[in-house]
Each structure stands twice: as structure tokens, then as C-alpha cells.
Amino acid sequence: QQQVKQSPQSLIVQKGGIPIINCAYENTAFDYFPWYQQFPGKGPALLIAIRPDVSEKKEGRFTISFNKSAKQFSLHIMDSQPGDSATYFCAASSSAGGTSYGKLTFGQGTILTVHP
Amino acid sequence: SAVISQKPSRDICQRGTSLTIQCQVDSQVTMMFWYRQQPGQSLTLIATANQGSEATYESGFVIDKFPISRPNLTFSTLTVSNMSPEDSSIYLCSVAGLAYTFYNEQFFGPGTRLTVL
């Protein structure tokens, strides 16, 4: 019930394309859904996050779509660039008290390649 | 966000030895966590570092193997004890509860790449 399932495992798009990465969760206590971007040799960087009170959030070229009833959320990258080539991780956490408070559960990761 | 540093950035160690990884934040934080990322894999939470008390470990991780200290609100250490090649991973600290951020926004350090021979 703590799992976050992410797909696809890898994704190749051309410059200007719109890659979409999907995640699904089971734990209804999750109430915070961030996306992280990780370049080789670096730590993950917080990219954008959403809470279940909204269905969409946009920051620059990055958009999260959230479907609470389906327990799914996705990352869209508009006008993708070669510099967006990285590994993307979705994650989820709960603000409920107890031992799970604040802990992130990560998806498996998606390796994105944007060709020039 | 904050500036999070980890030392060492990488190390190559011999089987049976121990390595202590340091995590330093430039501002006080409520929560600090330690993760492991095996090559080409996702991140797995090892433990929550609690200030002034024993760390809280996730299933599959034990204090004897991964002792953790957190003496104050800006610093924590993770020791990988009695290492074997299976411990070769990237070890990452993360922090949450920074001022002017949402309470559960987590920010990661650059990681420590450990290779055990």
C-alpha cells in the first residue's frame, strides 16, 4: 500500500515534444506529490509538487495533472529541450501523524532523453 | 531552499571497514533523512534522523549497520558499518521543515558515492 508505481521506465522524445510521465499510488493518506529531477552524479532536485486539493499545477514548462479518484498523477514537460534529459522521480508523502509523517515514497524513476 | 553539503562526495573502501558520511545544512531544519540509491535504481529511505534521540529506521535497515547521529538542527552523520560490496550505493541526506517552505518539502544533498571493494 506504500508503493508508488511510475511509468514508463524510459522515454525518448524529440526537441519540442511533450513527454508525459505517469504515477499511481494506493495509499489514500498520501497528500503531497512532488516530482524530482536528477542529473547524473547529482542529488535529486525538487521540480514541482501538488496537493490533492487541486487538479493541475503549472510552473514554467512543467505541469502536474492530478486525478484524486483514480489515484494517479502525471508530469508533462512542454517544449522539451535536450537540457531536460535526466531521470525523473515521482514521490508521495503523508502529513498524517505517526511514524509515516513526512516520509517520501519514490516511484521507480523515468530516464528521459530529449534529442536535438 | 538551503545549501546542503555532504562529505565525502565519494569514497572507495575495503570490505569490513566503516565509513561515516556527514550532512551539513546552512540553516536549521525540522527533519533530516538518509536515503540509499543503488546504481540505476530509485531512492530508498534508510532512516529519519531525530535531533537528540535515536534515529527511526525503516524496515530492512538496522542501527548496528547504519548508526546515525543528529546532534543539532543543522548536522547529521550516517555510518555504514562493516561494509560489503552490496553497500556500494549513493547515500543521500535530505532535509525538510525549512523556514519559508512547506513543512514537507524535502531538499536533497549532492550525495556520497560509495564503492566497496
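The values are calculated or read from the model by the stated rules, or taken from the named source; none is laboratory data. Treat the numbers as computed from the prediction; the structure is a model and nothing was measured. Note that each Cβ is placed from the backbone with ideal geometry, even for glycine, and that neighbours are counted across all protein chains shown. Protein only, heavy atoms only, side chains kept; ligands, DNA and RNA dropped before computing areas. Shrake-Rupley method; radii C 1.70, N 1.55, O 1.52, S 1.80 Å.
With +1 on the Cβ of every Lys and Arg and -1 on the Cβ of every Asp and Glu, and nothing else charged, how large is the dipole of the protein assembly as shown about its Cα centre, in debye rounded to the nearest 20?
Here the size comes out at about 260 debye.
For segment B:37-117, what is the charge dipole size about the Cα centre, in debye to the nearest 20, if Lys and Arg each add +1 at the Cβ and Asp and Glu each add -1 at the Cβ?
In debye, rounded to 20, segment B:37-117 gives about 160.
Nearest 100 Å² is fine: what is the total accessible surface buried where chains A and B meet, probe 1.4 Å?
1600 Å²
Return the carbon/sulfur percentage of the accessible area of chain B, one whole number, probe 1.4 Å, all protein chains in place.
50 percent
Considering amide H positions built from the backbone, and no H for Pro or chain starts, which residues 5 or more places from residue A:31, or on another chain, come under 5 Å of its amide H?
Answer set, sorted by chain and number: A:93, A:94, A:95.
With a 1.4 Å probe and all protein chains kept in place, how do B:57, A:25 rank by accessible area, largest first?
B:57, A:25
Which of the three applies to segment A:24-79, rounded, prolate or oblate, going by the alpha-carbon gyration tensor with a ≥ b ≥ c and a/c under 1.5 meaning rounded? Before the final figure, lay out the partial values.
Working: a/c = 2.35, a/b = 1.46, b/c = 1.61.
Judged from the Cα gyration tensor, segment A:24-79 comes out oblate (a/c at least 1.5, b/c at or above a/b).
Going by accessible area, probe 1.4 Å, with all protein chains left in place, what is the ranking of B:36, B:70, A:61, B:113, largest first?
Solvent-accessible surface, decreasing: B:113, A:61, B:36, B:70.
For chain A, report the accessible area per residue in Å² (1.4 Å probe, heavy atoms, rounded to an integer).
Heavy-atom accessible area per residue stands at 47 Å².
Using a 7 Å offset from the Cα along the Cα-to-Cβ direction at both residue B:50 and residue A:96, what is the distance between the two label points in nm, to one decimal?
The answer from the label model is 2.0 nm.
Along the charge dipole of segment A:30-116, Cβ charges K/R +1 and D/E -1, which of A:73, A:96, A:48 sits furthest on the positive end?
Selected residue: A:96.
Taking the Cα of residue B:99, stepping 7 Å toward and past its beta carbon, and measuring to each backbone N in segment B:9-30: which are under 16 Å?
Residues B:25-30 fall inside that zone.
So, for chain B, what is the accessible surface per residue at a probe of 1.4 Å, expressed in square angstrom?
Ligands and nucleic acids excluded, the result is 47 Å² per residue.
If you plug each phi of segment A:70-76 into the Karplus form 6.51 cos²θ - 1.76 cosθ + 1.60 with θ = phi - 60°, what whole-Hz ³J(HN,Hα) values come out, in order, with x for Gly and Pro?
Here the 3J(HN,Hα) series is 8, 6, 9, 8, 9, 10, 10 Hz.
Rolling a 1.4 angstrom probe over the protein chains, ignoring ligands and nucleic acids, what is the accessible area of residue A:56 in square angstrom, nearest 10?
120 Å²
Which pairs in the list A:71/B:65; A:57/A:103; A:68/B:65; A:5/A:42; A:5/A:57; A:42/B:65 are over 31 Å apart, alpha-carbon to alpha-carbon? Spell out each step's value before the answer.
Details: A:71/B:65 36 Å; A:57/A:103 22 Å; A:68/B:65 39 Å; A:5/A:42 23 Å; A:5/A:57 21 Å; A:42/B:65 25 Å.
Cα-Cα > 31 Å for A:71/B:65; A:68/B:65; rest within.
Could you work out the Kirkwood radius for segment B:20-116, taking every pair of different alpha carbons, averaging 1/r and inverting it, reported in Å?
After inverting the mean inverse Cα-Cα distance, the result is 13.5 Å.
Find out how many positive minus negative residues lie around residue A:23, taking Lys and Arg as positive, Asp and Glu as negative, among other residues whose Cβ is under 14 Å from that of residue A:23.
Cβ neighbours under 14 Å give a net charge of +2.
Would you calculate the separation in nanometres between label points at residue B:14 and residue A:113, each defined as 7 Å from the Cα along the Cα-to-beta-carbon direction?
According to this spin-label approximation, the distance is 4.1 nm.
Taking beta carbons within 10 Å but only from partner chains, what does the mean come to for residues B:105-115?
The per-residue average across the peptide is 4.
Between residue A:69 and residue A:39, take the C-beta separation as r, use R0 = 25 Å, and let me know the FRET efficiency to the nearest 0.05.
Taking R0 as 25 Å, the efficiency between residue A:69 and residue A:39 is 0.15.
State the extension gain, in nm to one decimal, for the chain segment bounded by residue A:28 and residue A:57, taking 0.36 nm per residue of separation less the distance between their alpha-carbons.
Numbers: separation 29, 0.36 × 29 = 10.44 nm, distance 2.00 nm.
Separation in residues times 0.36 nm, less the Cα-Cα distance, equals 8.4 nm.
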